[in-house]
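Remarks on the structure that follows.
The values are calculated or read from the model by the stated rules, or taken from the named source; none is laboratory data. In this text, all values refer to a predicted model and were calculated from it rather than measured experimentally. Because the Cβ atoms are built from the backbone with ideal geometry, glycine has one as well, and the counts that use them run over all protein chains shown. These area figures cover heavy atoms from the full protein model, side chains too; ligands, DNA and RNA do not enter into them. Shrake-Rupley method; radii C 1.70, N 1.55, O 1.52, S 1.80 Å.
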Amino acid sequence: MAGNERLARLVQDDHTDAVEAFEDRIIAQATGSVDADFTALVRRTVVAWTRAFGSPDAEAANPSLLRRILKAVRAAIRRILQGVGIRAQQTMEDSLTDAVMLGARQGSEWLRQVGGGRHDPLPSRPSRGLRNATARVAAAVDERRDRALAALRPARVRRWSAVATAIGTARGAVASIRTNVTWAVNQAVNEGLIAGIRAVGARKLWIAERDACVNCAAYAGHVVDVGDDFPGGLSFDPAQRGRGVDLPAPPLHPHCRCRVVAWKDSWAVEGVPTLPETLRREARRSVARGWSLPSETNAARIRAAHELLRTGAGLPKSVEEFAATAVRAGRFANRSVPTA
Ligand SMILES: [Zn+2]
């Protein structure tokens, strides 16, 4: 059996990278040139506005020119987003089975590495709940488009900045697709993993990313029976604790790339910490070091570090001192996981 560190990295690096590459392919297929089309539209409208009214900051002094510009922008938004929601939905539906299989393959590689023997990946189908969720993406794109079109009425636009804001709203469809795809793919991968875990009669072990949020980090190293849920509302941050419902597996939130893998206590190696223990310790270390993504607030990380020190971090003195210094300063200066 490979060492705990190597096992953790297999999932956090190799497997997660493969899932991200899979997500990127689907997102590219679903969105095509939409993002670039919006960039071009912004450029075109600023030129048109400047030509009509003098500068982007100038008020729209001529109502008929304004009407003409807005009509053209509305038409462009309709054209750019034409069929995009449906295409995204279709692309997602077509890729879910592959995503489940990716999870199944990664699960069987995991079993080999962890000492669980050789097991061929089990072919399985995405759940009904997951298949139904793909319908949300088309609705999300339409909602963005409609909101943008409503904001582009002459009565609501005085300056070019309002046009830019509305185009930004429409462009948000791309982010929305990205969020939906990421969520669905990770859900599917975990479904594939769970099928494999069930087949070998193991339990579910939660693996979080090294820069996971304070909520996901609280699940790291958590083990439950394959048919049981993980408890909702765990968090290193006392202010976020107790929110959320029980769940069978990650993702815990959009863009969460945590996953479950098989675990049996009999795989533990005598004399060394078990893998779940190692993962829990790694999570505490991440909290003490402030390792996190920019999307998370510094305040949440500081609250989490403060609470960890208060309740006993069980980490080397130097790491605890590092955390205490950050808590006193009220911020972590550098939050990225060291690559070396
Ligand atoms: Zn997560």
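With the condition kept exactly as written, say whether any residue in the range 174-192 is open to solvent by 60 Å² or more (accessible area, probe 1.4 Å) and either touching a Gly at 6+ places or on another chain (Cβ under 9 Å) or within 30 Å of N62 (Cα to Cα) (or both). First the steps, then the outcome.
Initial filter on the range 174-192 (open to solvent by 60 Å² or more (accessible area, probe 1.4 Å)): 178, 183.
From the residues that got through so far, the ones that are either touching a Gly at 6+ places or on another chain (Cβ under 9 Å) or within 30 Å of N62 (Cα to Cα) (or both) too are none.
Among the residues of the range 174-192, not one is open to solvent by 60 Å² or more (accessible area, probe 1.4 Å) and either touching a Gly at 6+ places or on another chain (Cβ under 9 Å) or within 30 Å of N62 (Cα to Cα) (or both), which makes the answer no.
Please find, among R301, R284, the residue that is closer than 25 Å to V11 by Cα and open to solvent by 40 Å² or more (accessible area, probe 1.4 Å). Lay out the reasoning, then the answer.
Numbers: R301 fails: open to solvent by 40 Å² or more (accessible area, probe 1.4 Å).
That would be R284, the only listed residue that is closer than 25 Å to V11 by Cα and open to solvent by 40 Å² or more (accessible area, probe 1.4 Å).
Within the set of pairs 6+ apart or on separate chains, which have a first residue in the range 19-36 that is open to solvent by 40 Å² or more (accessible area, probe 1.4 Å), a second that is assigned to a helix (DSSP H, G or I) and of a type in the set (S, T, Y), and C-beta atoms under 8 Å apart?
Sorted first by the residue in the range 19-36, then by its partner, the pairs are Q29/T91.
I'm told Q90 meets every condition in (1) touching a residue at least 24 places away in the same chain (Cβ under 8 Å); (2) surrounded by 16 or more Cβ atoms within 10 Å (Cβ to Cβ) except one. Can you identify the failing condition by its number?
Result: Q90 fails condition (1) only.
Return the total of residues in the range 291-312 being in contact with a Lys or Arg (Cβ under 8 Å, 6 or more places away or on another chain) and over 22 Å from T339 (Cα atoms).
2
Do we have any residue at all in the range 116-128 that's aliphatic (A, V, I, L, M), surrounded by 16 or more Cβ atoms within 10 Å (Cβ to Cβ) and within 30 Å of A48 (Cβ to Cβ)? So that I can check it myself, show each step before the final result.
So the first thing to find is which residues in the range 116-128 are aliphatic (A, V, I, L, M), and the list is 122.
Those left that are additionally surrounded by 16 or more Cβ atoms within 10 Å (Cβ to Cβ): 122.
Adding the requirement that they be within 30 Å of A48 (Cβ to Cβ) leaves none.
No, the range 116-128 contains no residue that is aliphatic (A, V, I, L, M), surrounded by 16 or more Cβ atoms within 10 Å (Cβ to Cβ) and within 30 Å of A48 (Cβ to Cβ).
Going through the range 250-282 one residue at a time, which ones are within 13 Å of the ligand (Cβ to nearest atom) and assigned to a strand (DSSP E or B)?
Correct list: R259, V260.
What is the one condition in (1) farther than 19 Å from T97 by Cβ; (2) away from the ligand (no atom under 16 Å from the Cβ) that A199 does not satisfy?
(1)
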